[in-house]
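Some notes on the structure that comes next.
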Amino acid sequence: MATMGIKNIKMALVDKNGVVITGANGILKNAEDTTGIFTADQDTSKGVASVALSGLVGTVTPVWGSDMLTYQSSGKGTPSSVLTINDLPNIVKQAILGNKPDGKGGFKISGKSDSNNLVAFLAESREAFDDDAPVYVGMYMGIASEASITMGTNNTNDTRNTDVLTIAAQERGIDSFGDHYFSDAPSFDETDMLTNIFKTSTTPAPGQ
């Protein structure tokens, strides 16, 4: 999956079935929000710096028998993603992390990620190496965390901190963890992609 640049990341809070949560409980915490999807880009978040995925496959273990290497056992991976965004809106970031507001402009630092606060995302590249057709990677649901925050002094240069969120993926039933999409594929359909990653209550079940 050779890509050049990154365009944006779409994100949403989802329930245990992977269905997007809208309205006051959604990612924007706005009762009038009907989509439940936030797009981080140059306009909303001063741009996306990187999306890094790891743990996509499990460990391969050799199996020996009759004095020979007869089989390779492949374990399942535990994917995680690190999203680095220059300036996420505070409300969106705290919603993704599942931090609870105190009603006075603060959000509690509980020391523990909220396992019931699930996030789906879809990242879009700017292009695919020497082709202007973007590549996408989407994860159905995961738990977000922010392990550390650093503030530093300005000097002759500004010291800027970015929003770095790690999302530990979990499986959406038989759908597994997520999908790669290639917009230059003959069968690519952007609407189908968005419907798959960001399920709604009317999204057909797999195979239907």
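The values are calculated or read from the model by the stated rules, or taken from the named source; none is laboratory data. Source: prediction; values computed, not measured. Every residue, glycine as well, gets a Cβ built from its backbone with ideal geometry; the counts of neighbours run over all protein chains shown. These area figures cover heavy atoms from the full protein model, side chains too; ligands, DNA and RNA do not enter into them. Shrake-Rupley method; radii C 1.70, N 1.55, O 1.52, S 1.80 Å.
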Among 68, 30, 52, whose Cα sits farthest toward the positive end of the charge dipole of the stretch 29-76 (+1 at Cβ of Lys/Arg, -1 at Cβ of Asp/Glu, about the Cα centre)?
68
Per residue accessible area in Å² of the stretch 1-92, where ligands, DNA and RNA are left out and the probe is 1.4 Å
59 Å²
Report, in debye and to the nearest 20, how large the dipole of the stretch 87-208 comes out about its Cα centre when Lys and Arg carry +1 and Asp and Glu carry -1 on their Cβ.
1000 debye
Who wins for biggest fluctuation among 69, 122, 28 in a Gaussian network model of the chain, springs between alpha carbons below 10 Å?
69
Rounded to a whole number, what % of the accessible area of the stretch 26-112 do carbon and sulfur atoms account for, probe 1.4 Å?
54 percent
Cα-centre dipole for the stretch 1-80 with unit charges at Cβ (Lys and Arg positive, Asp and Glu negative), debye to 20
60 debye
Would you calculate the separation in nanometres between label points at residue 41 and residue 149, each defined as 7 Å from the Cα along the Cα-to-beta-carbon direction?
2.8 nm
Dipole of the chain, Cα-centred, from +1 at each Lys and Arg C-beta and -1 at each Asp and Glu C-beta, to the nearest 20 debye?
980 debye
Cross-link candidates for residue 7: which lysines have Cα within less than 23 Å, leaving aside residues fewer than 8 places away along the same chain?
46, 93, 199
So what does the Cα-only Debye profile of the stretch 84-171 read at q = 0.10, 0.11, 0.23 Å⁻¹, as log10 I(q)/I(0), no solvent term?
-0.37, -0.44, -1.18
Positive-end residue of 105, 122, 138, charge dipole of the stretch 91-139 with Cβ unit charges:
105
Regarding the stretch 118-208, what is the average projected area of its C-alpha convex hull, in nm²?
9.1 nm²
Solvent-accessible ranking of 137, 51, largest area first, probe 1.4 Å:
51, 137
Which percent of Cα pairs goes in each bin when the distances of the stretch 63-102 are cut into 10 angstrom slices starting at zero?
19, 25, 16, 12, 14, 12, 1
At 25 °C and 0.890 mPa s, what whole-number value in µm²/s does Stokes-Einstein give for the translational diffusion of the stretch 28-181, with Rh from the Kirkwood sum over Cα pairs?
134 µm²/s
For the stretch 76-177, which trypsin sites (Lys or Arg not before Pro) are both in a DSSP coil and crowded by at most 12 other Cβ atoms within 10 Å?
76, 104, 108, 112, 160
